[in-house]
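Comments concern the structure below.
The values are calculated or read from the model by the stated rules, or taken from the named source; none is laboratory data. The structure displayed is predicted, hence computed values, not measured ones. Heads up, the Cβs are rebuilt from the backbone with ideal geometry, glycines too, and the neighbour counts pull from every protein chain shown. When the accessible area is computed, the model is the full protein with side chains, heavy atoms only, and any ligands, DNA or RNA have been set aside. Shrake-Rupley method; radii C 1.70, N 1.55, O 1.52, S 1.80 Å.
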Amino acid sequence: MLGRLLGIAFLVTFGTGLFSQYLQNPFDWMRFPTRPSWLYQVNQGVHITAGILCFPLLLGKLWVVFPNLFQFPPVKGFKNFLERASVALFVGASLLQIFTGLLNTYQFVPFPFYFRQTHFALSFVIIGSLAIHIAVKLPIIARYWTKKRTAAAGGEGELEVFVEPDTRATHLPPLPGLTGRVMSYIDSAPRSPAAVSRRGFLTAIGLSSVTVVALTSGQSFAPLDAVNLFAPRKKGFGPQGVPVNRTSAEANVGQRANDPNWTLILRNGAATVALTRAELLAMPQVTASLPIACVQGWSQQATWRGVRVRELAALVGANSESSLRITSLEQQGPYIVTQMGREYVQDPDTLVALELNGQTLDIEHGYPARVIAPARPGVLQTKWLSSLEVI
Ligand SMILES: Nc1nc2c(c(=O)[nH]1)N[C@H]1C(S)=C(S)[C@@H](COP(=O)(O)O)O[C@H]1N2
Ligand SMILES: [Mo]
């Protein structure tokens, strides 16, 4: 039962993770939906929540199989070696994945490798070794479900107990009459059945799952905001009611962002236009209600006001096929330059925002101007804009 839930959680995190990865690192031919505007918010909320759920599920599953991890002799032949190696890879990679993933959501990255690349690569190791694991166990799984059906249909016959070779049957309590129940008991029973009952064990896993999700997922899902006690960010907390990921001090942009001579540079080949903040404010202003949705799971709906990006791009002759290269005033760090595909450029809600929640954009949110677009990862919503370049 834990294995099945864990399998679902892993597939969900894998799918949502792939979506997030390709939004940030697309192949040229990739296009993405820009609606609904909360698409990425939900994707990432589900990704992080399912990832957090993996803690009780994976630790519970490991507890169940723990004695099996230390068999003697450790390897019985080549096939057994392959099987055990894939399980070792699976367990090691999964633990590393969820622990580093959790630390990353708290922006605590004490490991000597790039988080995102490692997280991405490990996800394939995990899904691959999981596929091998399931393939190896397929006969047992098939047999389990066949027996269960027979039992449910009231099928008669001998009480047959199927146990894995290493299970010590003497440790089992007296067997009740139902084949399906007996086998599921063996399947998931802790190896010292006297210590914890099956029901007690599952209740503990269930309660801890509900607790960790309830106390953190309010960062992504508004109805649980009130009990969000442990997530790294809280809705509504921060300047202008929006959390901040990287401050202007950390990004070291204060001086350039507050420079009264700041202009937004629009470029298309040789054509260049420079607009002051006053000139931007003199253009038609559009209001859009869009979330900031961080890869780390937290998100916040906000009201943004500013100039349509497609209108600015058109000033330097961009057309509906044009993508943009977006540059920040920041001088260091991985997100100075980002690219925006044409589907976002063309969306009427994609703005160079000048106001947030009815006030001049706070410097922590990207003053003098920032990009905000529907259904994009927060990390691509560039703050402290410097230039938009048609590519
Ligand atoms: N120039 C720049 N823009 C940036 C960042 C940054 O570090 N530098 N952080 C991004 C990330 S990771 C997120 S989640 C959002 C957060 O926006 P906020 O701080 O206004 O809430 O800004 C994005 N824009
Ligand atoms: Mo972010």
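Overview of values
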| quantity | calculated |
| --- | --- |
| Every pair of residues 6+ apart whose Cβ atoms lie under 7 Å, when the first sits in segment 282-304 and is under 28 Å from Thr216 (Cα atoms) while the second is open to solvent by 50 Å² or more (accessible area, probe 1.4 Å) and within 12 Å of ligand 1 (Cβ to nearest atom) | Ser289/Gln301; Pro291/Gln301; Ala302/Asn357; Thr303/Asn357 |
| Residue list for segment 277-292, restricted to those being within 16 Å of ligand 1 (Cβ to nearest atom) and loosely packed, with under 14 Cβ neighbours inside 10 Å | Ser289 |
| Criterion violated by Ala249 - all others in (1) among the aliphatic types (A, V, I, L, M); (2) within 16 Å of ligand 1 (Cβ to nearest atom); (3) open to solvent by less than 20 Å² (accessible area, probe 1.4 Å) satisfied | (3) |
| Residue in segment 261-269 that is among the polar types (S, T, N, Q), more than 26 Å from Glu343 (Cα to Cα) and away from ligand 1 (no atom under 16 Å from the Cβ) present | yes |
| Top-ranked residue in segment 293-322 [being closer than 13 Å to Thr350 by Cα and open to solvent by 10 Å² or more (accessible area, probe 1.4 Å); ranked as farthest from ligand 2 (Cβ to nearest atom)] | Glu311 |
| Positions within segment 337-391 being of a type in the set (Val, Ile, Thr), within 14 Å of ligand 1 (Cβ to nearest atom) and crowded, with 21+ Cβ neighbours inside 10 Å, in sequence order | Val352, Val371, Ile372, Thr382 |
| The one condition in (1) in contact (Cβ under 8 Å) with a residue 12 or more places away in the chain; (2) of a type in the set (Lys, Arg); (3) surrounded by fewer than 16 Cβ atoms within 10 Å (Cβ to Cβ) that Lys79 fails to fulfil | (1) |
| Matching residues, segment 26-46, being in a helix (DSSP H, G or I) and open to solvent by 30 Å² or more (accessible area, probe 1.4 Å) | Leu39, Val42, Val46 |
| Flag if Thr272 is more than 16 Å from ligand 2 (Cβ to nearest atom), closer than 17 Å to Ser386 by Cα and free of Cβ contacts under 8 Å to residues at least 60 places away in the same chain | yes |
| Conditions (1) within 16 Å of ligand 2 (Cβ to nearest atom); (2) open to solvent by 60 Å² or more (accessible area, probe 1.4 Å); (3) of a type outside the set (Ser, Thr, Tyr); number of the one not met by Leu229 | (1) |
| The lone exception for Pro334 - which of (1) touching a strand residue (DSSP E or B) at 6+ places or on another chain (Cβ under 6 Å); (2) open to solvent by 40 Å² or more (accessible area, probe 1.4 Å) it fails | (1) |
| Lone qualifier among Ser289, Ser386 - being more than 16 Å from ligand 2 (Cβ to nearest atom), within 20 Å of Thr247 (Cβ to Cβ) and not in a loop (DSSP other than H, G, I, E, B) | Ser386 |
| Hits in segment 232-269 - residues which are within 16 Å of ligand 2 (Cβ to nearest atom), of a type in the set (Gly, Ala, Ser) and within 30 Å of Val46 (Cβ to Cβ) | Gly238, Ala251 |
